[in-house]
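Only one structure is covered here, and it is reproduced in the block below.
Here, each number is a calculation from the coordinates, and none is a lab measurement. Treat the numbers as computed from the prediction; the structure is a model and nothing was measured. Quick reminder, even Gly has a Cβ in these numbers, built from the backbone with ideal geometry, and neighbours come from all protein chains shown.
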Amino acid sequence: MIDHSFDAANAILHIRPKGPLSQADFSTLAKSVDPHIEKAGALAGLVIELAGFPGWENLGAMAAHFRFVRDHHRQIKKVAVVTDSPLAKLAENLGSHFVAAEIKRFPAGGLESAKQWILERT
């Protein structure tokens, strides 16, 4: 399950995984951001705030996750991962090889710093 909010004024999608990810989660995320992407061309960024990766409900959910990343990664300029999980560094390094967005990790509690980084011009 993913709790999310979309700041349309700043074009930032903020997601907070709360349990195993489902296919419906990615459909809901797409419905939230696709109209903005169609209108503006891109999102300034994505903030992923999590304590640890919660996994997927099933293989269909994993496939939906990969499709969402494939279909959206070129339209997201920056990804901020807000967590103290030791796996975040690995995800940051691996993710940079598979997505077009710039990825940066922030410590838990660093949500405002993450949002400010996304809003900085590069």
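Summing -39500 (n - 2.57) over the DSSP H runs of n ≥ 4 in the chain and dividing by its residue number, what mean residue ellipticity at 222 nm do you reach, to the nearest 500 deg cm²/dmol? Walk me through the numbers on the way to the answer.
Working: 4 runs with 50 residues, N = 122.
It lands at -13000 deg cm²/dmol.
Sort the following peptides by mean Cβ neighbour count (other Cβ atoms within 10 Å, averaged over residues), highest first: 10-16, 58-64.
Top of the packing list down: 10-16, 58-64.
Averaging over every viewing direction, what projected area does the convex hull of the Cα atoms of the chain cover, in nm²?
Details: hull surface 27.3 nm².
With every direction weighted equally, the projected area is 6.8 nm².
Can you work out the Karplus-derived ³J(HN,Hα) for every residue in segment 35-51? Use 6.51 cos²θ - 1.76 cosθ + 1.60 with θ = phi - 60°, whole Hz, and x for glycine or proline.
Each residue of segment 35-51 in turn: x, 5, 4, 4, 7, 9, x, 6, 9, 5, x, 10, 10, 10, 10, 7, 7 Hz.
Of N58, A44, T83, which is farthest along the charge dipole of segment 2-119 in the positive direction, counting Lys and Arg as +1 and Asp and Glu as -1 at C-beta?
With unit charges placed on the Cβ atoms, the residue in question is A44.
Using a Gaussian network model of the chain with C-alpha springs under 10 Å, which one of A101, A40, A30 is most mobile by mean-square fluctuation?
Sorting by GNM fluctuation, first place goes to A40.
What residue among K39, K104, K18 shows peak mean-square fluctuation when the chain is described by a Gaussian network model with Cα springs under 10 Å?
Comparing K39, K104, K18 in the GNM, the peak value goes to K39.
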